Amino acid sequence: MQFIKPGSNYDFVGKRRFAAIGSAIAVTVAFLIAVVGSFVDTPVSPKYGVDFAGGTEILIKVADGVTIEQLRAGLGEVGLSDDSVQRFGGSGLEYKVRVESVNYGANEFFETVESTLKADYGEDTWVRFEWDPEQSIKMSAKATRTISPAEVQGKLTALNPDVTVEESKVEHNALIVSFPGVTDAVKGTLSGALGANQFEVLSVEMVGPSVGAELRRQGLLSIVFALALILVYVAFRFDLSFAPGAVAALGHDVAITIAVFCLLGREFTLPTIGALLTIVGYSLNDTIVVYDRIRENLIRYPRRDLGDVVNVSLNETLSRTVLTSITTLGAVGALMAFGGPIIADFSLALAIGVLVGTYSSIFVASPMILFLQKWLPVEVPVLDEEEPELRAR
């Protein structure tokens with residue numbers, strides 16, 4: 001199937017300088033947005049989801065007729081601001097409650113528990129109290145003698161009716177006090193403000209800040225390692241002069257996709273990293289097809305100027321490139337329309353990547369071969385005995 005008339009001769013190579021200037025500006029802006037924005041808080045600084053920033057994210061579905069103002073008013077009783085509550089999905093009944101701390105109010109609660117137990121049993125009864133509210137909802141209380149967990153829980157019920165106390169399974173005379181956490185605080189305040197049957201907690205996701213930082217670092221490294229391995233692959237698969245263009249095109253696609261996400265205020269999550277790696281794979285496939293045709297045409301037209309060979313190759317693969325992009329965008333469009341809010345950002349990243357990847361395969365990857373000729377000249381491939389027909393095609 002030919003989407004573009006065979007024999008077309010669009011001068012892509014002749015416009016490579018304009019494309020290079022535009023791409024350089026776009027990538028520079030993307031770099032400033034992503035890197036500088038990570039250190040200086042701006043309206044377009046990268047926004048990290050709970051996967052990378054850490055915290056607690058609660059998805060709530062309310063009954064028909066409950067407004068976001070009522071929801072925010074109820075959550076205000078536990079100290080959450082209006083910005084912590086956002087609409088989620090297209091039904092108008094689902095909301096995302098975001099709390100930066102993994103265990104909202106845990107530190108204050110455990111401090112009160114420590115002072116209460118010291119007052120009730122005496123300070124000499126307790127060896128130590130240990131907790132880390134940023135990483136856990138549990139506190140360890142080590143005593144000098146055996147104390148009934150049920151007795152302690154009864155004393156702490158006045159502080160919070162949902163608190164639980166149990167014996168430690170790894171340490172003698174130690175109790176584990178579990179903080180109900182932000183989820184129970186949200187449930188409790190909404191039950192009083194809206195009614196217990198007026199809302200439902202659909203999901204809760206909690207990630208500690210150190211875990212989030214590690215996931216963020218690993219996500220970045222996964223993209224860097226993917227580009228490095230692609231550089232090696234293309235260098236062996238074709239020629240070293242082809243490899244920098246492929247990597248430059250892929251880096252270009254990833255950078256611009258990240259910049260668009262920042263400009264739109266979309267959050268970066270683990271699915272977003274998956275989408276960026278998918279974009280790398282899609283764009284590489286498109287670039288490899290063009291590179292294959294360039295190598296074939298170097299054999300077919302050994303005396304022609306390299307720029308002419310690249311231009312002919314781009315025109316010969318143009319119909320395939322455009323058709324692939326259109327069909328892929330159709331599938332991605334279906335995901336965006338019917339996939340729901342869970343994969344909305346994933347689908348958006350793919351859509352941006354397909355569009356930018358199509359551009360980079362034509363105006364970044366192949367023209368880069370010409371740009372690097374002074375330092376990495378292209379070697380004309382030698383025909384194998386099984387490929388004599390290439391010169392005749």
If you go through Gly195, Gly265, the only one that is on the phi > 0 side of the Ramachandran plot, in the same structural domain as Phe371 (by TED's automatic domain parsing) and surrounded by fewer than 17 Cβ atoms within 10 Å (Cβ to Cβ) is Gly265
Pairing a residue in region 150-163 that is in contact (Cβ under 8 Å) with a residue 12 or more places away in the chain and closer than 12 Å to Leu117 by Cβ with any residue that is acidic (Asp, Glu) and surrounded by fewer than 16 Cβ atoms within 10 Å (Cβ to Cβ), where Cβ atoms lie under 8 Å and the two sit 6 or more apart in sequence or on different chains, gives Lys155/Asp120
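The rows are residues; the columns are (1) touching an Asp or Glu at 6+ places or on another chain (Cβ under 7 Å); (2) over 30 Å from Glu94 (Cα atoms); (3) surrounded by fewer than 12 Cβ atoms within 10 Å (Cβ to Cβ); (4) modelled with pLDDT of 90 or more.
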{"site": "Thr116", "(1), (2), (3), (4)": "no, yes, no, yes"}
{"site": "Ala119", "(1), (2), (3), (4)": "no, yes, yes, yes"}
{"site": "Glu123", "(1), (2), (3), (4)": "no, yes, yes, yes"}
{"site": "Ala141", "(1), (2), (3), (4)": "no, yes, no, yes"}
{"site": "Gln153", "(1), (2), (3), (4)": "no, yes, no, yes"}
{"site": "Thr157", "(1), (2), (3), (4)": "no, yes, no, no"}
{"site": "Pro180", "(1), (2), (3), (4)": "yes, no, no, no"}
Requiring at least 1 residues that are acidic (Asp, Glu) and surrounded by 12 or more Cβ atoms within 10 Å (Cβ to Cβ), the helices (runs of 4 or more DSSP H) wholly within region 1-76 are 50-53
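From the list Ala185, Ala235, which one is without any contact (Cβ under 8 Å) to a residue 12 or more places away in the chain and either buried (at least 17 other Cβ atoms within 10 Å of the Cβ) or within 30 Å of Gly281 (Cα to Cα) (or both)? Quick ask: steps written out before the conclusion?
Numbers: Ala185 fails: without any contact (Cβ under 8 Å) to a residue 12 or more places away in the chain.
Result of the check over Ala185, Ala235: Ala235.
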Selection from region 322-347 of residues surrounded by 13 or more Cβ atoms within 10 Å (Cβ to Cβ), closer than 28 Å to Ser8 by Cα and of a type in the set (Ser, Thr, Tyr) yields Thr324, Ser325, Thr328
Does region 297-320 contain at least one residue that is more than 25 Å from Arg237 (Cβ to Cβ), surrounded by 19 or more Cβ atoms within 10 Å (Cβ to Cβ), in contact with a helix residue (DSSP H, G or I) (Cβ under 9 Å, 6 or more places away or on another chain) and of a type outside the set (S, T, N, Q)? no
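The values are calculated or read from the model by the stated rules, or taken from the named source; none is laboratory data. Owing to the predicted nature of the structure, the values given are computational and were not obtained by experimental measurement. Quick reminder, even Gly has a Cβ in these numbers, built from the backbone with ideal geometry, and neighbours come from all protein chains shown.
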